[in-house]
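Colleague: The structure is given below, and queries will be raised subsequently.
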Amino acid sequence: MALSLMPMEKHAPIGIFDSGVGGLSVLRHIREAMPNENLLYFADSAHAPYGDKTEQAILDRTLAIADFLLQKNAKALVVACNTATAAAIKAVRNAYPALVVVGIEPGLKPAAQHTRTKMIGVLATSGTLSSLRFKQLSQQITTTTEVHFVLQACVGLADQIEKGELNTPATEALIQRYLTPLLEQNVDTLVLGCTHYPFVRPLIEDIVRRLTSNPITIIDTGDAVTKQLVRVLIEHQLRETNTPPGTLTAFTTGDLPALKTTFFNLLGLQPPVLKAGTT
Ligand code: DGL
């Protein structure tokens, strides 16, 4: 399955993927920071959500998608999914040692630097929160600081966002149910540990305002991941030098019109959307 890597070119595209549309919250930062890069976006919507799948299942999907994007000549891979990063980034790096691979993880470190109450709420999938990688990251921080992470698996929330339900009563009820116990424990910082969640950030902010008058900071790592991507592309002399705009092509294992609609609704973009040929 692993391809032998050809020497990469600056003009080659960056491959970005997620279980579904969550990675669009990362793609928007990447486009803003590097409007001249050519991008491929892969939504594995036929297999979403990843949050409650086994690590092995996520690993298999991630390697199949990496393979697909490399066949499309990707010069770098962005795993724009916290759950897939936790389960599979090590395996991707082992399979493609010469490839630039950037993943996304919940912003525990910036949250620890920011909190005053020392109580930090982490919203993520159960897959991310139960992963060894997450446990190691949180332990590293809790052994060297006095912060406490209050973990909240947001079962069903990525699904609501996949369906485009960014502001419906059902989504609101779900978020309120997940936020209430965190705010009762005096968290002053909320980490969005899933790339789908930035799309319901306005609703999260509204609900927070209703539940508490204390100031709450929300941490999203889409921007930090983009900065990291820029750094590694420059380091590997892979940063595109053409003038903007770069191209954008999307692939999905799911429904083509659904992804087209989501691109337009969430980002105002109308890229070509093609059926992905992975099983
Ligand atoms: N967007 C993904 C993440 O960042 C996962 C959502 C899901 O498929 O459960 O974790």
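Colleague: Consider L259 against the criteria (1) farther than 26 Å from E105 by Cβ; (2) within 16 Å of the ligand (Cβ to nearest atom): it satisfies all of them except one. Which criterion is unmet?
Modeller: Only one criterion is unmet by L259, namely (1).
Colleague: Given the criterion in contact with a helix residue (DSSP H, G or I) (Cβ under 7 Å, 6 or more places away or on another chain) and within 30 Å of K10 (Cβ to Cβ), identify the matching residue among T252, T243, T212, T171.
Modeller: T252
Colleague: Could you grab me the full set of residues in the range 91-113 that are touching a residue at least 12 places away in the same chain (Cβ under 8 Å) and farther than 16 Å from I14 by Cα?
Modeller: A91, A95, E105, P106, G107, L108, K109, P110, A111, A112
Colleague: Let me ask something else about it. Filtering the range 137-161 down to residues that are assigned to a helix (DSSP H, G or I) and open to solvent by 50 Å² or more (accessible area, probe 1.4 Å), which residue is nearest to the ligand (Cβ to nearest atom)?
Modeller: Per the stated criteria, the residue is D159.
Colleague: If you don't mind, there's one more thing I want to ask. Considering V100, V78, which residue is within 16 Å of the ligand (Cβ to nearest atom), farther than 10 Å from T62 by Cβ and touching a helix residue (DSSP H, G or I) at 6+ places or on another chain (Cβ under 9 Å)?
Modeller: V78
Colleague: Something else: Tell me, yes or no, whether the range 188-206 has at least one residue that is of a type in the set (V, I, T), away from the ligand (no atom under 16 Å from the Cβ) and more than 20 Å from the chain's Cα centre (by Cα).
Modeller: The answer is no, given that none of the residues of the range 188-206 is of a type in the set (V, I, T), away from the ligand (no atom under 16 Å from the Cβ) and more than 20 Å from the chain's Cα centre (by Cα).
Colleague: Under 8 Å between Cβ atoms, at least 6 apart or on separate chains: pull out the pairs that start in the range 136-149 with a residue that is in contact (Cβ under 8 Å) with a residue 40 or more places away in the chain and end on any residue that is open to solvent by 60 Å² or more (accessible area, probe 1.4 Å).
Modeller: Cβ pairs passing all conditions: none.
Colleague: Go through T180, T241, T168 for me and flag whichever is of a type outside the set (A, V, I, L, M, F, W, C), away from the ligand (no atom under 15 Å from the Cβ), more than 22 Å from the chain's Cα centre (by Cα) and closer than 24 Å to K260 by Cβ.
Modeller: Sole residue among the options that is of a type outside the set (A, V, I, L, M, F, W, C), away from the ligand (no atom under 15 Å from the Cβ), more than 22 Å from the chain's Cα centre (by Cα) and closer than 24 Å to K260 by Cβ: T168.
Colleague: What's the total number of residues in the range 205-235 that are free of Cβ contacts under 8 Å to residues at least 24 places away in the same chain and hydroxyl-bearing (S, T, Y)?
Modeller: Qualifying residue count for the region: 1.
Colleague: Right, something else. Could you tell me which residue of the range 119-135 is surrounded by the fewest Cβ atoms within 10 Å (Cβ to Cβ), considering only residues that are touching a residue at least 60 places away in the same chain (Cβ under 8 Å) and in a helix (DSSP H, G or I)?
Modeller: Checking each candidate, the answer is S126.
The values are calculated or read from the model by the stated rules, or taken from the named source; none is laboratory data. Everything numeric here is computed off the predicted structure, so don't read it as measured data. Quick reminder, even Gly has a Cβ in these numbers, built from the backbone with ideal geometry, and neighbours come from all protein chains shown. Surface accessibility is based on the protein's heavy atoms, side chains included, excluding ligands, DNA and RNA. Shrake-Rupley method; radii C 1.70, N 1.55, O 1.52, S 1.80 Å.
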